[in-house]
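Reading through the structure tokens given below for one structure.
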């Protein structure tokens, strides 16, 4: 994972070099991914039942603060360069992408659950089939047919 400040530098360099926002979608998505990852990492460490060493907590807090600073710098940079409406469009796009990713994750979870249910059903069917077959063979042996 690239840190938010490095991702911000990549985005700023591209925009300064004359690239349009829409042509930098991969770099901007990488920036927002790094910001989200830093925030998630901090919240995961913060919400653990048994907190680890203070250094680890401080490291995630620092990453989260860097992410916030980088977001603010990107907002200022894009607002100064393209106007506030461009930044609002960027945030709207970010929300749409996040919603699509959440929906894809939810759909993947549903599909995993369905596959698990199919596997469990097949296994149960096989256990029942083996039980019936074993019972039938035992019955035939007890009657002296086998």
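Laboratory data are not the source of any read-out in this text; all were calculated from the coordinates shown. Only a predicted model underlies this, so the values are computations on that prediction, with no experimental measurement involved. With ideal geometry, Cβ positions are generated from the backbone for all residues, glycine too; neighbour counts draw on all protein chains shown.
In terms of surrounding Cβ atoms within a 10 Å radius of their Cβ, 142, 23 rank from fewest to most as 142, 23. Taking label points 7 Å from Cα along the Cα-to-Cβ direction, residue 138 and residue 92 give a separation of 7.0 nm. With the highest mean first, a sort of the peptides 7-19, 115-127 on other beta-carbon atoms found within 10 angstrom per residue produces 7-19, 115-127.
Across the chain, C-alpha contacts under 8 Å between residues 6 or more apart give a mean separation that, scaled by the residue count, equals a relative contact order of 20 percent.
Highest mean first, the peptides 95-101, 34-40 sorted by other C-beta atoms within 10 Å per residue fall in the order 34-40, 95-101.
Once a ≥ b ≥ c are taken as the square roots of the eigenvalues of the Cα gyration tensor of the range 25-146, is the result rounded (a/c under 1.5), prolate (a/b larger than b/c) or oblate (a/b not larger than b/c)? Cα axes put the range 25-146 in the oblate bin.
Over the range 4-82, the reciprocal of the mean inverse Cα-Cα separation, the Kirkwood hydrodynamic radius, stands at 13.4 Å.
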